[in-house]
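Asks: I have a structure I would like to understand better, so I am pasting it below and will then ask my questions one at a time.
The values are calculated or read from the model by the stated rules, or taken from the named source; none is laboratory data. In this text the structure is predicted, and so the values were computed from the model without any measurement. Glycine gets a Cβ as well: all are built from the backbone with ideal geometry, and neighbour counts include every protein chain shown. For the accessible areas, the whole protein counts, side chains as well, though only heavy atoms, and no ligand, DNA or RNA atoms are used. Shrake-Rupley method; radii C 1.70, N 1.55, O 1.52, S 1.80 Å.
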Amino acid sequence: MMNGINSAKYMEPKRSIYREYSRTYDEDRQRFVPDDALFQCTRWALEHLEPGHNLLDLGCGSGELLLEAYRQTAGTGVLAGLDLSPQMLSQTRVQTGNVASLIQSNSLGGLPFGDGSFNLVTSPNLHQELPTQTIPPLLEQVLHVLRPGGCFRAVIPCMADRRPSFQAFQE
């Protein structure tokens, strides 16, 4: 059990979905998310990132945010991406090369980083994927890995307001 969720019941279907979805992830996103919206989201998420800062991207997908963070920091600081799916991390490696440390991990099992490791933690499009009761413990973990004065930026896509996990995030 992880945060009250049966691992096999929740995680295996998610891995299976993203194993398949990784093949068309960028194509699908381009069909449903206009380029200007993606640009605005990325710019907002990275607004507090400066050269020399450390970034953790939860649910890093195909790595576009990490690549932009690398450009923004001129390759200084530590960039880390965490994703559940090895297939998505393979996509990230293809798109980003070696600009970030990539970790396959279940964010619900705790974040594998020490306290105060990051200036910025981003989470575009992860929270709506999570069971409601797992969000508060994940946010506690985020607080632990943030440095004093650090920032957490989460993006919850449109229409997610109807999902229970969004409601929990608002509380």
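Asks: Return yes when residue 8 is modelled with pLDDT of 80 or more, farther than 22 Å from residue 144 by Cα, open to solvent by 40 Å² or more (accessible area, probe 1.4 Å) and of a type in the set (A, V, I, L, M, F, W, C) and no when it is not.
Replies: Criteria not met by residue 8.
Asks: Now for a separate question. Against the condition at pLDDT 90 or above and open to solvent by less than 20 Å² (accessible area, probe 1.4 Å), how does residue 113 come out, does it pass?
Replies: no
Asks: In segment 55-74, what residues are open to solvent by 40 Å² or more (accessible area, probe 1.4 Å) and either modelled with pLDDT under 90 or assigned to a loop (DSSP other than H, G, I, E, B) (or both)?
Replies: Matches in segment 55-74: 64, 74.
Asks: To continue, here is another question. Can you name the residue in segment 116-151 that is of a type outside the set (Val, Ile, Thr) and open to solvent by less than 10 Å² (accessible area, probe 1.4 Å) and is also farthest from the chain's Cα centre (by Cα) among such residues?
Replies: My answer is 118.
Asks: Just wondering, is there one or more residues in segment 117-134 that are under 28 Å from residue 75 (Cα atoms), modelled with pLDDT under 90 and touching a Pro at 6+ places or on another chain (Cβ under 8 Å)?
Replies: So far as segment 117-134 goes, yes, one or more of its residues are under 28 Å from residue 75 (Cα atoms), modelled with pLDDT under 90 and touching a Pro at 6+ places or on another chain (Cβ under 8 Å).
Asks: Given the condition modelled with pLDDT under 95, under 22 Å from residue 46 (Cα atoms), in contact with a His (Cβ under 8 Å, 6 or more places away or on another chain) and crowded, with 18+ Cβ neighbours inside 10 Å, answer yes or no: does some residue in segment 88-101 qualify?
Replies: No; the residues of segment 88-101 include none that is modelled with pLDDT under 95, under 22 Å from residue 46 (Cα atoms), in contact with a His (Cβ under 8 Å, 6 or more places away or on another chain) and crowded, with 18+ Cβ neighbours inside 10 Å.
Asks: Within segment 77-93, identify whether any single residue is closer than 18 Å to residue 151 by Cβ, part of a loop (DSSP other than H, G, I, E, B) and touching a Leu at 6+ places or on another chain (Cβ under 9 Å), and answer yes or no.
Replies: The answer is yes, given that some residue of segment 77-93 is closer than 18 Å to residue 151 by Cβ, part of a loop (DSSP other than H, G, I, E, B) and touching a Leu at 6+ places or on another chain (Cβ under 9 Å).
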